[in-house]
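The values are calculated or read from the model by the stated rules, or taken from the named source; none is laboratory data. Remember, predicted model here, so these are calculated numbers, not experimental data. Glycine also receives a Cβ, built like all others from the backbone with ideal geometry; neighbour counts cover every protein chain displayed.
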Amino acid sequence: MIIVVEGPSGAGKTTWCRTHGGANALLEALPDHATVPTEPRAAGRFWVERNVVRWREVLEREARDGLVVVDTDPFKLHYVWTLFETGQISEVEWTMQRDAARDAFAAGRYALADLFLVSDVDDATLRARRDADPTRTRRNFERHVQLRDALLRWYRAIDRLEPGRVVFGLPDAGITPDLLARGKRKTRSGRELFERLMSELTAL
């Protein structure tokens with residue numbers, strides 16, 4: 001089973017994963033941003049391929065351990081969609097990365113996790129947590145705060161694909177038996193699932 005922990009910067013994802021995921025936690029490792037192409041089509045392919053590699057690592061950990069708790073969604077198409085929805089990038093930039101993601105998703109190269117735990121703390125709490133942790137630079141923190149509402153909409157759309165597989169809030173009790181009981185998705189990837197998600201986003 002694959003559990004993803006998601007939310008904006010400062011939402012407590014990494015701390016929750018370390019506390020409750022233990023040996024099953026897979027923390028995020030950010031790339032050197034100097035290596036990211038500036039041309040939109042190349043940038044879209046870069047991020048999709050990077051996320052495909054991370055999804056492969058998730059599957060390897062699942063095969064080895066049975067359970068993996070992932071800090072930040074490997075299917076990170078939500079980031080460029082929320083930037084587009086908040087007017088921070090052009091439609092061309094969104095559609096280029098969406099189309100690259102569609103091909104990878106249709107081929108099963110990356111996919112949806114079985115369960116998403118999505119932190120939904122408010123803006124003031126995010127800023128307070130940022131200020132209380134001077135050990136982390138939190139690159140583009142204010143941009144991530146602006147994306148909060150759109151991010152929650154993205155995961156509401158995912159939840160409508162198979163209700164009950166998105167939990168809003170990071171449970172204080174950790175990974176409880178009722179969460180594990182939801183088990184593995186019958187279908188994690190494929191073109192049809194991708195198009196259903198895009199339709200749900202359009203309907204928001």
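Of all residues in region 28-44, none satisfies being outside any loop (DSSP other than H, G, I, E, B) and closer than 20 Å to D159 by Cα. When F194 is tested against the conditions (1) in contact with a Phe, Trp or Tyr (Cβ under 6 Å, 6 or more places away or on another chain); (2) part of a loop (DSSP other than H, G, I, E, B); (3) at pLDDT 95 or above, the lone failure is (2).
Do we have any residue at all in region 4-14 that's surrounded by 14 or more Cβ atoms within 10 Å (Cβ to Cβ), basic (K, R) and farther than 22 Å from D149 by Cβ? For region 4-14, residues surrounded by 14 or more Cβ atoms within 10 Å (Cβ to Cβ), basic (K, R) and farther than 22 Å from D149 by Cβ: absent.
From the list E49, E62, E85, E39, the lone residue that is farther than 26 Å from D178 by Cβ, of a type in the set (D, E, K, R), in contact (Cβ under 8 Å) with a residue 60 or more places away in the chain and out of contact with any Asp or Glu (no Cβ under 8 Å at 6 or more places or on another chain) is E85. Within region 61-106, the only residue that satisfies the criterion of being buried (at least 19 other Cβ atoms within 10 Å of the Cβ), of a type in the set (G, A, S) and more than 16 Å from L193 (Cβ to Cβ) is A100.
Considering only residues in region 165-182 that are touching a strand residue (DSSP E or B) at 6+ places or on another chain (Cβ under 9 Å) and assigned to a loop (DSSP other than H, G, I, E, B), the one that is nearest to A104 (Cα to Cα) turns out to be R165.
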